[in-house]
1. At what distance in angstrom do the alpha carbon centres of the range 1-63 and the range 229-301 lie from each other?
2. State the extension gain, in nm to one decimal, for the chain segment bounded by T123 and E103, taking 0.36 nm per residue of separation less the distance between their alpha-carbons.
3. State the antiparallel share, in %, of DSSP beta bridges confined to the range 1-146, rounding to the nearest 5.
4. What fraction of the DSSP beta bridges in the range 54-294 is antiparallel, stated in percent and rounded to the nearest 5?
5. Would you check the accessible area of S20, probe 1.4 Å, heavy atoms only, in square angstrom rounded to 10?
6. If you take the alpha carbon radius of gyration of the chain and divide it by 2.2 N^0.38 Å, what ratio comes out, to two decimals?
7. Using a basic spin-label model with each label point 7 Å from the Cα along Cα→Cβ, how many nm lie between Q183 and K218?
8. Carbon and sulfur together cover what percent of the accessible area of the range 54-294 at a 1.4 Å probe radius?
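The values are calculated or read from the model by the stated rules, or taken from the named source; none is laboratory data. Just so you know, these numbers come straight off a predicted model, no measurement behind them. So basically every Cβ, Gly included, is an ideal-geometry build from the backbone, and we count neighbours across all protein chains shown. To get the accessible areas, we keep the full protein, side chains included, count just its heavy atoms, and leave off ligands, DNA and RNA. Shrake-Rupley method; radii C 1.70, N 1.55, O 1.52, S 1.80 Å.
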Amino acid sequence: MATQQTDQLTFQNPVTRYESISPPVQDQPEPGLDQDLTPQADRGEHSYRGTGRLTGRKALITGADSGIGAAVAIAFAREGADVALSYLPEEEVDALEIKEFIESSARRGVLIPGDLTDREFCTTVVEQAMAELGGLDILVNNAGRQIAVEELGDLTDEQWTTTFETNIHAIYRVCKAAVPYLQPGSTIINTTSIQAYKPSPTLLDYAATKAAINNFSKGLSQQLAPKGIRVNAVAPGPVWTVLQVSDGQPKEKLPEFGKNTPLGRAGQPTEVAPAFVFLASPESSFVIGETLNVNGGQPSP
Ligand code: NAD
Ligand code: MG
């Protein structure tokens, strides 16, 4: 773990910035809680240092209670943004902790629990964020579900449909609800995955949604660029989060999680956050329809 003396801008060796963890075999019911993850993940709570890059911005982040979304929420707040957090009601305890980190950065944290597989919630989450933040400049579609299944014959129709509802149908619906409110200069960032190009044999439904997210992001980015709204995506590789222990991986694979990257280790959620900060801030004004790969060095198209 990073110590309190270092932050993401400290000159350091990426191989040893974090230890190569060998997580014990463990299981949590979906969606799982960061609070019960072993070892704990680093969401930047003690290390991310803001430099004013999102001062005064208003952001809605889905799946902001834990993992990558929580790291992005903490980073955005430290960069000066107010943040609305979308998450499932059963994740309230994780969400409350992230809200506290946001408020300790003197920014507003707004809690919006709800299920994104409910198409009405995809609209109300945007309207609530608008109402409570008093505007919206940044939309991060990061919520996702990942359940590993070994055999096609065991992949149920219900799982296939729910994965698509959560991972891609919700992005279409939330974008559709948000775009009418977005002013020129606003940004949308969607979380995809290396699975979009390198599908695991156990993640057929999940990987297919991630390829769809990349494609949707590139298409929508061209539609919205003339209006001054930029759309991009971030594609993480193996990042240590609760997604992996709530059936995202076959359990016996957890001790090896992320060891196959050129860095020889899994990433920590806070290592993904700067990609979102870059894409959200005006410094990336000429970056549109891009997928930023944050994966520890695995070649990607
Ligand atoms: P995570 O479990 O911490 O975050 C996923 C979040 O999605 C949950 O916290 C939950 O709030 C939200 N969610 C799931 N179903 C939902 C629903 N029906 N309604 C509302 N919210 C719902 O795990 P994470 O790894 O931080 O995942 C964040 C994103 O990163 C996901 O899109 C995931 O696919 C992607 N990703 C993760 C990895 C990795 O290795 N961890 C790699 C590539 C991509
Ligand atoms: Mg969570």
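1. 12
2. Values: separation 20, 0.36 × 20 = 7.20 nm, distance 2.58 nm.
Computed gain between T123 and E103 is 4.6 nm.
3. Counting DSSP beta bridges with both partners in the range 1-146, the antiparallel share is about 0 percent.
4. Antiparallel bridges make up about 0 percent of those DSSP assigns within the range 54-294.
5. We get 50 Å² for S20.
6. 0.92
7. So the label points at Q183 and K218 sit 3.3 nm apart.
8. The computed percentage sits at 54.
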